[in-house]
1. Based on Cβ point charges of +1 for Lys and Arg and -1 for Asp and Glu, what charge dipole magnitude is obtained for the stretch 29-125 about its Cα centre, in debye rounded to the nearest 20?
2. At a 10 Å Cβ-Cβ cut-off, how would you order 67, 28, 125, fewest neighbours first?
3. Using helices alone, what [θ] at 222 nm do you get for the chain, with -39,500 (n - 2.57) per DSSP H run of 4 or more residues, divided over all residues and rounded to the nearest 500?
4. Could you line up 120, 37 from fewest to most neighbouring Cβ atoms inside 10 Å?
5. Which FRET efficiency, nearest 0.05, do residue 58 and residue 110 yield, Cβ-Cβ r, R0 25 Å?
6. Report ³J(HN,Hα) in whole Hz for each residue of the stretch 45-61, in order, from the Karplus equation J = 6.51 cos²θ - 1.76 cosθ + 1.60 where θ = phi - 60°; Gly and Pro get x.
7. Just report the Cα centroid separation between the stretch 32-58 and the stretch 85-125, whole Å.
8. Taking the Cβ-Cβ separation of residue 84 and residue 11 as r and a Förster radius of 25 Å, what is the calculated FRET efficiency to the nearest 0.05?
Amino acid sequence: MTKTKVRFHLAQGPNFKNWQVKCGESVEYYDPSLVRLHMKVCKLRNQPATAKKIFAGDNKTVCAWIECDKVVVVPASVEGVPKVSDFLYYNPKKNPYWHDPQGNNRDSDVFDNLITQGQLVAILE
């Protein structure tokens, strides 16, 4: 089964600051103000060596994503946002790993359900 990769797209161009959803050769982009991505059976992936170089001052490059079994695209206008237990963050300029609000390293952690809320990633209860 091919895993789906979700990441925030920061390359200049028409998809700048959109969510990128890649499954095999298929790549789609979603405006975070228009949709929420509900991701199921997810693992936080990171390339630590690359992230540490960026943390030390190198230019940003792709080094982290969320790997999941399934992604459901939900219009942001849909009522009934599920309850969130916490948020996850990734910015290798600030921390070279996925982390929670307490700063704990969450690289390789697995979650049943994650959802995007704008540019944020939230853990569902």
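Just so it is clear, none of the values below were taken in a lab; they were calculated from the coordinates. Predicted, not measured: the structure shown is a model, and the values here were computed from it. For neighbour counting, all protein chains shown are included, and Cβ atoms are generated from backbone atoms with ideal geometry for every residue, glycine included.
1. With Lys and Arg at +1 and Asp and Glu at -1, about 360 debye.
2. On the way: 67 17, 28 13, 125 9.
Listing 67, 28, 125 from fewest to most nearby Cβ atoms yields 125, 28, 67.
3. For the chain, the value works out to -1500 deg cm²/dmol.
4. 120, 37
5. On the way: r = 29 Å, r/R0 = 1.15.
Efficiency computed from Cβ-Cβ geometry: 0.30.
6. So the J values, rounded to whole Hz, are 10, 8, 9, x, 4, 5, 4, 5, 5, 5, 4, 7, x, 5, 5, 5, 8.
7. The two parts, judged by their Cα centres, are 8 Å apart.
8. 0.30
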